[in-house]
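The values are calculated or read from the model by the stated rules, or taken from the named source; none is laboratory data. Keep in mind that this is a model prediction, so the values were computed, not measured. Using ideal geometry, Cβ is built from the backbone for each residue, glycine included, and neighbour counts are taken over all protein chains shown. Note: areas computed on protein heavy atoms with side chains; ligands, DNA, RNA excluded. Shrake-Rupley method; radii C 1.70, N 1.55, O 1.52, S 1.80 Å.
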Amino acid sequence: MENNTLFSSYDKLPKTWDEMYNDEAKCRTQYEGFVKYLEGTTAEKLTKKEDLSKQLFMNQGVTFTVYSDNEGIEKIFPFDIVPRIITAKEWTKIEMGIKQRLKALNLFIKDIYHDQFIINDGIIPADLIYSCPYFLREMKGVKVPYDVYVHISGVDLIRNNDGEFYVLEDNLRTPSGVSYMLENREISKRLFPGILPKSKVRSVSEYPNMLYKKLKELSDKANPNIVLLTPGIYNSAYYEHTTLARLMGIELVEGTDLVVKNHIVYMKTTNGLQQVDVIYRRVDDDFLDPLEFNAKSVLGVAGIMAAYRKGNVNIVNAPGTGIADDKAIYTFVPDMIKYYLQEEPILKNIETYQLGKPEDLEYVTKNVRDMVIKKTDGSGGYGMLMGHEASDKEIKEYLDNVKKKPENFIAQPILKLSTAPCYIDGKLSPRCIDLRPFALSGRDGIDICPGGLTRVALKKGSLVVNSSQGGGSKDTWVID
């Protein structure tokens, strides 16, 4: 840790896996090239690069929405300029593990909406399925093209202090964040132009083409009409919707731009109605069709589900995939892998307690300081209890709430998330990170973009990486 002041104050956290340094404080091989670069530069130069990155994000309009902030809603997405670097060997295992998991989850969704073998064989309790808010009775018996339910997923991984990757959650409904992965890479190319090719960093910029190819495969037409359905400009991921539509060269539409006639979906254009073949929707199930779900919804299209059931339009991801995305179902994924694939899981789950079980509730209540408690249908880091940070009063209030409907909550031990170096206030500092690789499934199998979104808990000592809770992100380099 020779150089200037950059490394002098790098405080590796105890009992935590550091992505850059091993336990003997030696640099891991994948970081050697980048560390050499850092040793030859100064804090002033890095601060200039950091300022440039903020400017570029601002100019591109890369913002996200914070719903609980009084200062104003739009915020620039915090970006840390030091990349997170993963070896090809580690990546191979991640890739194999995600493909295995998605195969099993896809078979599970098909089974739940058709034969329900997994329930009949006693692997998963029926009441867990039927009480899940994401189970759509409207999808029972519906045949989906090529039996692919989950076309797009963003599986969240963390590395524990044993150096192994664990699955935190599966994100199968409308996973977001891929535009930040693309933008982070564009900015890295501007900040470190010589280093990426020299380090043989795998490219992520093919993602929009990969996605377009997977969407196109879903139609029998040579040139299907594909659209991206957005809830509109007030959605927190609207920047991403516009970016993906632009990069794929498809129309960005809102519910009011579409109409259903004789079970066929049409887009309104200046030249009259144009048939739509594939819809990549970023609207949740509940708002998709006011005739079948939430009658007050103005975000969806009346009659779209009937058109879908008739096979006249394809919706990506399929309605009802949320059944496999529920935090209570998550505990059964290793069993699904064994049941459907007769394989041992490559990536492990995090130990999870279901508070609907009296013995689990009792254990978690006794050990609440070492636990994080989450709602089974929660997302975005909202509504969680971090036991080690909460006051006695907060814990009591939260547990009183849990006891009203314990089956709606799960708990997991607070993990030691791995740390990566971040450039903060002119120095390198370790911060907790996770990883969201993006996988695309189609009739030709599953492709995973080599990289993904590394999210960072920018507050010192924090474990919460969600952008809505003060987190940021960094570029993810998979190097050969």
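At q = 0.10, 0.16, 0.18 Å⁻¹ the log10 of I(q)/I(0) for segment 33-175 amounts to -0.63, -1.09, -1.18, computed by Debye summation with a single uniform scatterer per C-alpha, solvent ignored.
Taking a cut-off of 22 Å between Cα atoms, list the lysines near LYS12, but don't count ones fewer than 8 places away on the same chain. Counting by Cα, and skipping residues close in sequence, LYS12 has these lysines nearby: LYS26, LYS36, LYS416, LYS427, LYS459, LYS460, LYS474. Contact order for segment 288-350, expressed relative to its length and based on alpha carbon pairs under 8 Å spaced 6+ residues apart, stands at 17 percent.
The lysine pair count for segment 319-368, using Cα distances under 16 Å and pairs eight or more places apart or on different chains, is 4.
The residues of segment 177-294 have, on average, 46 Å² of accessible surface per residue, using a 1.4 Å probe with all protein chains present. Using a probe of 1.4 angstrom and keeping all protein chains present, the accessible surface of segment 396-468 works out to 37 square angstrom per residue.
Place the peptides 349-359, 36-46 in order of packing, highest mean first, counting for every residue the other Cβ atoms within 10 Å and averaging per peptide.
The densest-packed peptide leads the list: 349-359, 36-46.
For the chain, the direction-averaged projected area of the alpha-carbon convex hull comes to 23.8 nm². Helices that extend 27 Å or more along their long axis by alpha-carbon positions and average at least -1.0 on the Kyte-Doolittle scale are, among the DSSP H runs of the chain, 88-113.
Relative contact order, whole percent, for segment 129-276 stands at 15, derived from Cα pairs under 8 Å and 6 or more residues apart. Dividing the convex hull volume of the alpha carbon atoms of segment 414-480 by its residue count gives 120 Å³ per residue.
Label separation (LYS15 vs ILE414): 1.1 nm, computed from points 7 Å beyond Cα along the C-beta direction. Expressed to the nearest 5 percent, the antiparallel share of DSSP beta bridges inside segment 233-389 is 75 percent.
THR92 sits among other residues whose Cβ lies under 13 Å from its own Cβ, and their net charge, with Lys and Arg +1 and Asp and Glu -1, is +1.
Per residue, segment 78-174 exposes an accessible area of 37 Å² to a 1.4 Å probe, with every protein chain left in place. Per residue, the chain reaches -8500 deg cm²/dmol at 222 nm when only DSSP H runs of four or more residues are counted, each adding -39500 (n - 2.57). How much of the DSSP bridge set in the chain is antiparallel, in percent, rounded to the nearest 5? Taking every DSSP beta bridge with both residues in the chain, the antiparallel ones total about 70 percent.
Ranked by accessible surface with a 1.4 Å probe, highest first, in what order do LEU458, LEU218 come?
Accessible-area ranking of LEU458, LEU218, largest first: LEU458, LEU218.
Just the number, please: percent antiparallel of the DSSP beta bridges in segment 225-286, rounded to the nearest 5. About 55 percent, rounded to the nearest 5.
Here ASP147 and GLU397 are evaluated by their C-beta separation; at R0 = 56 Å the FRET efficiency comes out at 0.80. Both the radius of gyration and Dmax for segment 335-480 are 18.1, 53 Å, in that order, over alpha-carbon atoms.
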